[in-house]
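S.K.: First the structure, then my questions, so here it is.
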Amino acid sequence: MKNSLLLLFLFSGIFSLVHGQINSPDENVVITTNKGKTQAHTNESGKLLVNVSPKDVSEFKKNGFVSYFDFGAKGNGKTDDADAIAAAHAFANQQGLAVKADAGATYYIGGKDRTAVIQTDTDFGTANFIIDDTEVENRNSSVFLVSSGLQPFKLEGVSALKKNQEKIDVALTKNCLVTVTNSHIRRYIRFGLNQNNGSPQTDIFVVNKNGNIDSNAPIIWDFDQITDITALPMDETTLTITGGRFTTIANQAESKYTYYNRNIAIRRSNVLVDGLEHRVVGEGDHGAPYGGFINIRDCSYVTVQNTILTGHKTYRTIGSAGKPVSMGTYDITVNRALNVSFVNCTQTNDINDRTYWGILGSNYCKNLVYDKCTLSRFDAHMGVANATIRNSTLGHMGINAIGSGSFTVENSTIYGRTLINLRSDYGSTWQGEFIIRNCVFVPSGGSPARASLIGGSYSGQHDFGYTCYMPERITIDSLHIDDSNHPEGYKGPTIFANFNSDFTDDSYVEKFPYVRTREVILRNVTTASGKVLRISDNPFMFKDVKVNTN
């Protein structure tokens, strides 16, 4: 042992080359290079100890990659391979080697609290991964964590920011993702059955080495005071994850808001996920919700493409208002992330099957894109700045969003209750414009329905923590509304739903006034019913909206 070279790998993403043993409270994986077999095992404290023979080190470096079998994985679908998988990635990260799963293997991953950290290109190939969530030690422990070796730091010298500010007075060594908070101001004060007291004002943006802010993802709030501002350097190279057939055996926990995050967590900028498949089995009559099998947070420039996902069964619980609610449960979540695209992604279950919850949830994002996707939902809870859906088909939960900037929907078919729903629990607000081109809208998936293009509701009596807006301009060019299956007494589709049935004359007072749409531009809008598109079932509320059909 005295001649052994000890290499310490920390799950935080830092490793150091040392002689002798280092006793660090952050130690999760210790790698030694000794004679003997390359293998991994866990000590009494749960630490993963990995020995790599010098001969294997040379061979791995020569090949340029390691496999899970190299570190003791059985791949028989029964033996828990979590330690071997984590060990392979730890060594690969340390040596800058790729990781390749073994063709034909089926890796079983039980409920052990063990996360494999990915910092190098990984090819899961055609291998199968069974993730058993029936007995989990830590439901918040990701199965894989895609992380950066770069570390965040507090950004000094910035005490205030303005909306749409173009530059901050800092000098950086790399482009950085900056997250800023003012904990003295609450935004997104939620209304309804999942009511809450809101969240601290938060923003996220990209700054280059000279302090210039990416104008495509602008600052959306004024920060007269900053209680925290953190910069995370961005990796310049793209980390690629390919293939993999993952199956989650669903948890059997009580149906309450104890989210399971047994997932692939992406916490690094510039990542490509290509050709992954995720399925869910074993869902019964109860279970805890999931926080997204692909969970993207605190990063920018992430693309998920050619990927098959699965909607989760919807369970009910008691919400914060003390009444029964359906729990949101997701296969994709995106939080505090910029420039995230889903390209050619589909799901295993019927996008119009209401048994399953909508597949995506997001918060604090900018520049989200669906392209060539067939998925049950697009959703932005606590705001998105700029979003695009193109060449896609959206299922029963449709498009739900609040936010700002431009929302473009083009060359797509939407089966939701409305073409775009402005979430009423966050004030049905969009400060910007909607652009809808070359689309087909099938209200409520073809069930009997009274069709409205823009949905939402707003009483004007609740403080959401911000002024609420409707899109200033809505442009609709070439839209077919398939309202052929409609109820008796149907008068035709409307541009706007009845946002406030009490607001029918000037006597109604909005405590928190709604800034309504100024202009709607209509070009080539057709209906299957043959009925004309109207402004709303409550025309008074929208009497000042200019509708341009020229």
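The values are calculated or read from the model by the stated rules, or taken from the named source; none is laboratory data. Computed from a predicted structure; not experimentally measured. All Cβ positions, even for glycine, are placed from backbone atoms using ideal geometry, and neighbour counts span all protein chains on display. Surface accessibility is based on the protein's heavy atoms, side chains included, excluding ligands, DNA and RNA. Shrake-Rupley method; radii C 1.70, N 1.55, O 1.52, S 1.80 Å.
S.K.: Could you derive backbone 3J(HN,Hα) for the range 309-323 from the dihedral phi with the Karplus parameters 6.51, -1.76 and 1.60 (θ = phi - 60°), listing whole Hz in sequence and x where the residue is Gly or Pro?
M.R.: So the Karplus estimates, Gly and Pro as x, are 10, 9, x, 9, 4, 8, 10, 10, 8, 9, x, 5, 8, x, 10 Hz.
S.K.: How big is the gap, in Å, between the Cα center of the range 187-214 and the Cα center of the range 438-475?
M.R.: With the range 187-214 and the range 438-475 each reduced to a Cα centre, they are spaced 23 Å.
S.K.: If you count, for each residue, the other Cβ atoms within 10 Å and average over each peptide, how do 295-308, 133-146, 524-537 line up from highest to lowest?
M.R.: 295-308, 133-146, 524-537
S.K.: Only Lys, Arg, Asp and Glu count, each charged at its Cβ (+1, +1, -1, -1), so figure out the dipole size of the range 300-377 about its Cα centre, rounded to 20 debye.
M.R.: Roughly 280 debye, rounded to the nearest 20.
S.K.: With a cut-off of at most 12 other beta carbons within 10 Å, and DSSP calling the residue loop, which trypsin sites (Lys or Arg not before Pro) in the range 146-204 qualify? Please list them.
M.R.: Loop-located and lightly packed - Lys162, Lys163.
S.K.: Which Cα, out of Phe191, Val369, Asn175, lies furthest along the positive dipole direction of the chain (beta carbon charges, K/R +1, D/E -1)?
M.R.: Projecting each Cα onto the dipole axis, the largest value belongs to Asn175.
S.K.: Rounded to the nearest 20 Debye, what is the dipole magnitude of the chain about its Cα centre when Lys and Arg each give +1 and Asp and Glu each give -1 at the C-beta?
M.R.: 240 debye
S.K.: Turning to a different aspect of this structure: Using +1 at the Cβ of each Lys and Arg and -1 at the Cβ of each Asp and Glu in the chain, identify which of Ile474, Phe434, Ser215 lies farthest towards the dipole's positive end.
M.R.: Value: Ser215.
S.K.: Could you check how many percent of all C-alpha pairs in the range 61-178 are farther apart than 19 Å?
M.R.: 56 percent
S.K.: Also, quick follow-up: How about Lys62: which lysines have a C-alpha closer than 24 Å to its C-alpha, ignoring those fewer than 8 places off in the same chain?
M.R.: Cα-Cα hits under 24 Å: Lys35, Lys37, Lys74, Lys100.
S.K.: To the nearest 10 square angstrom, how much accessible area does Tyr458 have with a 1.4 angstrom probe?
M.R.: 10 Å²
S.K.: Please state the shape class of the range 435-510: rounded when a/c is under 1.5, otherwise prolate if a/b exceeds b/c and oblate if not, all from the C-alpha gyration tensor.
M.R.: Oblate.
S.K.: Another question about this same structure. Please calculate how many Å² of accessible area the range 173-216 carries per residue, with a 1.4 Å probe and no DNA, RNA or ligand atoms counted.
M.R.: 46 Å²
S.K.: Leaving ligands, DNA and RNA out of it, report the carbon-plus-sulfur percent of the accessible area of the chain at a 1.4 Å probe.
M.R.: That fraction is 46 percent.
S.K.: Return the sequence-ordered ³J(HN,Hα) values of the range 418-429 in whole Hz as given by the Karplus equation 6.51 cos²θ - 1.76 cosθ + 1.60 applied to θ = phi - 60°, using x for Gly and Pro.
M.R.: Each residue's phi maps through the Karplus curve to give 10, 5, 9, 9, 8, 4, 6, 5, 10, x, 6, 10 Hz.
S.K.: What whole-number distance in Å separates the alpha-carbon centres of the range 77-130 and the range 135-174?
M.R.: Going from one Cα centre to the other spans 26 Å.
S.K.: What shape does the range 249-301 have by the C-alpha gyration tensor, where a ≥ b ≥ c are the square roots of the eigenvalues, rounded means a/c under 1.5, and otherwise prolate means a/b greater than b/c and oblate the rest?
M.R.: Oblate shape, in that a/c is at least 1.5 and b/c is the bigger or equal ratio.
S.K.: Past the 23 Å Cα-Cα mark, which pairs from Lys323/Lys366; Lys47/Lys112; Lys256/Lys372?
M.R.: The pairs that break the limit, which is 23 Å between Cα atoms, are Lys323/Lys366; Lys256/Lys372.
S.K.: Quickly rank 460-470, 435-445 as a protection proxy: mean count of other C-beta atoms within 10 Å, highest first.
M.R.: Top of the packing list down: 435-445, 460-470.
S.K.: Roughly how many debye, to the nearest 20, is the charge dipole of the range 311-465 about its Cα centre, given +1 on each Lys and Arg Cβ, -1 on each Asp and Glu Cβ, and no other charges?
M.R.: So the dipole magnitude of the range 311-465 works out to roughly 180 debye.
S.K.: Right, next: Quick one: which residues, 5+ away or cross-chain, put their amide H under 5 Å from the amide H of Tyr290? H built at 1.01 Å from N.
M.R.: For Tyr290, whose amide H was placed from the backbone, the distant partners under 5 Å are Tyr260, Tyr330.
S.K.: Also, quick follow-up: Could you tell me which residue out of Asn140, Ala253, Ser404 lies farthest along the dipole of the chain toward its positive end? Charges go on the beta carbon: Lys and Arg +1, Asp and Glu -1, centred on the Cα centre.
M.R.: Working it through, the farthest residue towards the positive pole turns out to be Ser404.
S.K.: Mean separation of Cα pairs under 8 Å and 6+ residues apart, divided by the residue count of the range 111-153: what relative contact order is that in percent?
M.R.: So the answer I get is 62 percent.
S.K.: Enter the angle in degrees (range 0 to 90, nearest 10) between the Cα long axis of helix 82-95 and the first principal axis of the Cα atoms of the chain, meaning the one along which they spread out most.
M.R.: Between the helix axis and the principal axis of the chain, the angle is about 80 degrees.
S.K.: Rounded to the nearest 10 Å², what accessible area does Val325 show when all protein chains are kept and the probe is 1.4 Å?
M.R.: Val325 exposes around 10 Å² with every protein chain in place.
S.K.: Next question, about the same structure. Tell me which residues come under 5 Å, amide H to amide H, from Gly319 once H is placed; ignore anything under 5 positions away on its chain.
M.R.: Val325
S.K.: In what order, largest first, do Arg450, Arg262 sit by accessible area if the probe radius is 1.4 Å?
M.R.: Largest accessible area first, the residues go Arg450, Arg262.
S.K.: Apply the Karplus curve 6.51 cos²θ - 1.76 cosθ + 1.60, θ = phi - 60°, to the phi angles in the range 399-409 and return the couplings in whole Hz, x for Gly and Pro.
M.R.: So the J values, rounded to whole Hz, are 10, 10, 6, 9, x, 7, x, 9, 10, 10, 10.
S.K.: Which cross-chain or sequence-distant (5 or more) residues have an amide H under 5 Å from the amide H of Asp537, H modelled 1.01 Å from N in plane?
M.R.: Residues meeting the criterion, in which the H sits 1.01 Å from N, are Asn498.
S.K.: Could you tell me the center-to-center distance, by alpha carbons, between the range 326-377 and the range 488-521 in angstrom?
M.R.: The range 326-377 and the range 488-521 have Cα centres separated by 29 Å.
S.K.: Given Cα pairs under 8 Å that are at least 6 residues apart, what percent is the relative contact order of the chain?
M.R.: Reported relative contact order: 8 percent.
S.K.: Rounded to a whole number, what is D in µm²/s for the range 354-449 from Stokes-Einstein with the Kirkwood radius over alpha-carbon pairs (25 °C, 0.890 mPa s)?
M.R.: Roughly 188 µm²/s, to the nearest whole number.
S.K.: Describe numerically, in nm with one decimal, the distance between label points set 7 Å from Cα along Cα→Cβ at Ala160 and at Thr467.
M.R.: With each label placed 7 Å out from Cα toward Cβ, I get 1.9 nm.
S.K.: A further question follows. Would you tell me the accessible area of Lys209, worked out with a 1.4 angstrom probe on the heavy atoms of the protein chains, in Å² to the nearest 10?
M.R.: Accessible surface of Lys209 is approximately 100 Å².
S.K.: Then there's this: Note down the Stokes-Einstein diffusion coefficient of the chain in µm²/s, whole number, using a Kirkwood radius over alpha carbon pairs, 20 °C, and 1.002 mPa s.
M.R.: Stokes-Einstein gives a translational diffusion coefficient of 85 µm²/s.
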